[in-house]
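Undergrad: First the structure, then my questions, so here it is.
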Amino acid sequence: MPKHFKRGVKREHHFLKGIERPLEEIAQIPGVKKVIPGRIYASDSRGFEIKVSRETATGLKLIAKSDGSVQDVFLVVDKADREKVWREIERLAEEWKKD
């Protein structure tokens, strides 16, 4: 694994509060090759939520929201696995809402 990756998640930059454990769970989904957190933006969001935004050339883009901030998260996923990974993230997101 490259130098900034730990448990399948790139750790070169900052994370939103409470997002590290869910990203590690996403990294364990069969078909997910890499989890790469992106930029953090200020917003008026409340609570915690992760959802799949769209497909990208290399996988999927997620939007993570946590108490006043939003972070893009990119997944490297083979085309054949994207639908299955998308469904699994939606299932996990329901569990994270309950935590």
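The values are calculated or read from the model by the stated rules, or taken from the named source; none is laboratory data. Everything numeric in this text was worked out from a predicted model, so none of it was measured. Backbone-built Cβ (ideal geometry, glycine too); neighbour counts: all protein chains shown. Ligands, DNA and RNA are stripped out before the accessible areas are found, and what is left, the full protein with its side chains, is counted by its heavy atoms. Shrake-Rupley method; radii C 1.70, N 1.55, O 1.52, S 1.80 Å.
Undergrad: Given a 1.4 angstrom probe, I'd like the percentage of the accessible area of the chain that is carbon and sulfur, rounded to a whole number.
TA: Numbers: 2980 of 6060 Å².
Answer for the chain is 49 percent, counting heavy atoms of protein chains only.
Undergrad: Need the full-extension length gain, Thr56 to Arg87, defined as separation in residues times 0.36 nm minus the C-alpha distance. One decimal, nm. Kindly include the intermediate steps, with their values, before the conclusion.
TA: On the way: separation 31, 0.36 × 31 = 11.16 nm, distance 1.61 nm.
Working it through step by step, the gained length comes to 9.5 nm.
Undergrad: To the nearest 20 Debye, how big is the dipole of the chain about its Cα centre, given +1 on the beta carbon of each Lys and Arg and -1 on that of each Asp and Glu? Mind showing how you got there, number by number?
TA: Values: 22 positive and 17 negative charges, 58 e Å.
The calculated dipole for the chain is roughly 280 debye.
Undergrad: If you plug each phi of region 78-95 into the Karplus form 6.51 cos²θ - 1.76 cosθ + 1.60 with θ = phi - 60°, what whole-Hz ³J(HN,Hα) values come out, in order, with x for Gly and Pro?
TA: Once rounded to whole Hz, the list reads 4, 4, 5, 9, 4, 5, 5, 5, 4, 4, 5, 5, 4, 5, 5, 4, 5, 5.
Undergrad: If you don't mind, another one. Would you indicate which of [x] 134, 14, 11; [y] 35, 30, 24; [z] 51, 34, 28 is the value of Cα extents along the principal axes in Å derived from the coordinates of this structure?
TA: From the options [x] 134, 14, 11; [y] 35, 30, 24; [z] 51, 34, 28, the structure gives [y].
Undergrad: Per DSSP helix of 4 or more residues, -39500 (n - 2.57); summed, then divided by the residues of the chain. What does that give at 222 nm, rounded to the nearest 500? Don't skip to the answer; put the middle values down first.
TA: On the way: 2 runs with 25 residues, N = 99.
Estimated from H runs of four or more residues: -8000 deg cm²/dmol.
Undergrad: Okay, moving on. Going toward the positive end of the dipole of the chain, with +1 on Lys and Arg Cβ and -1 on Asp and Glu Cβ, which of Gly47, Gln28, Val76 do you reach last?
TA: Positive-end residue among those listed: Val76.
Undergrad: Could you give the nm distance between label points at Lys79 and Lys17, where each point is 7 Å from its Cα heading toward the beta carbon?
TA: 4.2 nm
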